1. Considering (1) surrounded by fewer than 17 Cβ atoms within 10 Å (Cβ to Cβ); (2) part of a strand (DSSP E or B), say which one Glu403 fails and leave the rest.
2. Within the range 413-423, identify whether any single residue is surrounded by 15 or more Cβ atoms within 10 Å (Cβ to Cβ) and closer than 19 Å to Tyr467 by Cα, and answer yes or no.
3. Tell me the strands (runs of 3 or more DSSP E) entirely within the range 496-561 that contain at least 3 residues that are basic (Lys, Arg).
4. Of the numbered conditions (1) at pLDDT 90 or above; (2) buried (at least 16 other Cβ atoms within 10 Å of the Cβ); (3) more than 27 Å from the chain's Cα centre (by Cα), Gln706 satisfies every one except a single condition; which is it?
5. I need every pair where a residue in the range 128-139 that is basic (Lys, Arg) has its Cβ under 8 Å from the Cβ of a residue that is part of a loop (DSSP other than H, G, I, E, B) and surrounded by 14 or more Cβ atoms within 10 Å (Cβ to Cβ), sequence separation at least 6 or different chains.
6. May I ask you to list pairs of residues, at least six apart or on different chains, whose Cβ atoms are under 6 Å apart, with the first in the range 361-372 being closer than 13 Å to Lys102 by Cβ and the second being surrounded by fewer than 17 Cβ atoms within 10 Å (Cβ to Cβ)?
7. Could you go through the range 114-131 and let me know if any residue there is in contact with a Pro (Cβ under 7 Å, 6 or more places away or on another chain) and either among the charged types (D, E, K, R) or surrounded by fewer than 16 Cβ atoms within 10 Å (Cβ to Cβ) (or both).
8. Go through (1) in contact with a strand residue (DSSP E or B) (Cβ under 7 Å, 6 or more places away or on another chain); (2) under 30 Å from Lys500 (Cα atoms); (3) outside any helix (DSSP H, G or I); (4) not acidic (Asp, Glu) one by one and return the number of the condition Lys112 breaks.
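The values are calculated or read from the model by the stated rules, or taken from the named source; none is laboratory data. What you are looking at is a predicted structure, and each value in this text was computed from that prediction instead of being measured. Note: ideal-geometry Cβ built from the backbone for every residue, glycine included; neighbour counts use all protein chains shown. Side chains are part of the model used for accessible areas, which takes the heavy atoms of the whole protein and leaves out ligands, DNA and RNA. Shrake-Rupley method; radii C 1.70, N 1.55, O 1.52, S 1.80 Å.
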Amino acid sequence: MRKLLILLFAFQLLLIQSQVKKNLVIPKNPRIGLSLAGGGAKGFSHVGVLKVLDSLGVKVDYISGTSMGAIVGGLYASGYSGKEIEKIVMDTDFYSLIRDPKSRKESTFFNKSVDKYLFSIPLKNGKITLPSSISSGQKNVYLLKELFKNVSSVNDFSKLPIPFMCIATNLESGNMEIFEKGDLVQSIMASSAFPSLMDPVKIGDSIYIDGAMTVNYPSKPLKEKGIDIVIGVDLNQDLSKREDLNNIIAILNQVIDFGIQKDTRRQYKYTDINIKPNLTGMTATSYDDKKKILDSGYVEGLKYAAILDQLPKREFDRLRQPINQIYSNVYKIDSISIEGGRIYGKNYVLGKMGLRLPSMQTYGSINKGLDKLIATNNYRFINYDIVTENNFNYLKLYVTEDEARHFLKVGLHYDEIFKTGLLLNYSAKRLLFKNSNLSLDVVVGDKPRYYLNYFIDNGYIPGFGIYSSGMSFDLRGNDNISIDKWQWLRNEAYIQSVWKDKFAIGAGISHDYFEADMNGLNKRYNRFLNPYVFLKSDTQNDRDFPTRGFYLNAEGKVIDLLKSEVDKRLIQVKTDVRINLPLIRKLSYHLNLYGGITIGENLPQFYQYRLGGIFEQNIINFHNFAGFYFAQLNTNNVVLISNDLQFKFYKNLFLSGNFSFANLSNDITFEDAVKVNYSSLGATIGYRSPFGQIKFNFSHSLKNNQKSIFSVILGHWF
């Protein structure tokens, strides 16, 4: 047994030696370089190797990196330790960085109202244009700007705590580009802009993509800098076998790997100590395995501890130094400058960001302001710097405006009320006015309908909008029997202003036209002109499965201003409040308070409060109430309280339980107001899919003998 252990140990040493250049002689006072290869999530293994170098106190004189190697190498060069980078990796949601979702919380009220499509197709000169990638990289800017804030004023990468360079590929010429000067964050983003995953990065007059397309393992550039000993972390893996090449992604990756493998083999002769972690089964997108990948780098690095320990030691512990003269947590911003903006000016930018100058800002608050700007859908990408000149700080924005003005959008939906619907949308920006948005929805299916929304958004200054919609639906009674058929057309004009960044406040006038009949009998035609005021807010973090945020829709309305259909003045006031509170990591509580009162007598039936069904369409005074059929309950005054507990039990899967109770009364009296006359229980299992929500709901009304109701919902509401 002892002989076997000695043999295994000797074999391991032989393997390690095979990764160290033959006849390697460490000169006196050698300069040490670190070459970090690209490989997406596999690059987390670099961090494990850095932890080993830190534990041994190895002095690194120069770093080169490609793609993920550029990100990790840039952080290490800027003064972060291996352990600090490990924490960054473990705390970062890399899937979110790739998806680059626009913040719903910061989105405009108009965009939230039209957030219901599967995909959007931009039109340019009447032709369909396809996106250049999945992500613009905007979330990466937010993260990297904050991480590199201590070196944000460094334009010469040789002046970093450890001199640094990164590799990118010129998309037009196909040539390698070595970045040693300029904007550090922009250079690293160019080095890691993998084709189709991230947009190409424009630097100067050229555009760049991932350096892996030319040099993925940048050891030679270090030798050209006079580095004596190059330590390389090699992420190269064997090519896939035939049985694994069974889809388009696998085949494209294989084709890309052809060139990467060929160049990596060329780089071996410039690499003195080649550390190659065991990454079997790992891919560039194995972000769920980041701890395992990181540990593989640490384990592999320890195998080389003996030879690494022979290298020169640094004379001090690695600490991030405030190289930037304004390096702090808070910055005074005196002014703003915009580079690349042609359509939208400084006042528009400041208004949308909610930025008043001069003011104290953090990187977090600047990122939040830029999120609001990106959420307008008027910008493709925004980079920025905080620049100091003569004790004067200004925020410099480098913007890429979205020049597309026309869009085709598509949506799909099914529910128990409106049945199947295919949504076809035409949207336009800057139509007649620069700050305007137009959305026209046409729903084809079992219940055809349309929605038209046009709004001129002036931010804090009141903007003007028009809205029109038309639909038909059946009201349900006991046993889900149709008791009335309605057709409803609404046209309205309104003004709206933003208050405290979170609220939309305004007033308008609407014209409602109703046709109704009971199986062809008792036909009714009515028109109403109704002035109204409103207050709205929506900070929910998700449309279908919110876990935090607040929703408010309050309205006061005069029914039939001209008294063509009523004898006396009628006023209605209603409010819909939804509060979403996270309780623990995957559990959240949702409270919905809905109430409405009627002041006056002889309320037309079209404006009665109607409860029942599961839906979210904006229909007069209708509101959902699980356990009852669509619009089954009707009254002049209502209070509804709904309680939900939502549990996210696996990625995009949700389970929720509901308890709701309501008070319905035709008169406003104390006796009627305090009693609960309807209640229900329900449970929903939901899935957040690429096509929108998928929900299965089972609900049951209490205190009566009505049957339980099973409902299916597919896709966003419209």
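1. (2)
2. Yes, some residue in the range 413-423 is surrounded by 15 or more Cβ atoms within 10 Å (Cβ to Cβ) and closer than 19 Å to Tyr467 by Cα.
3. 521-538
4. (1)
5. Within 8 Å, the pairs are Lys139/Asp100.
6. Asp371/Ser103
7. Yes, there is a match, as at least one residue in the range 114-131 is in contact with a Pro (Cβ under 7 Å, 6 or more places away or on another chain) and either among the charged types (D, E, K, R) or surrounded by fewer than 16 Cβ atoms within 10 Å (Cβ to Cβ) (or both).
8. (3)
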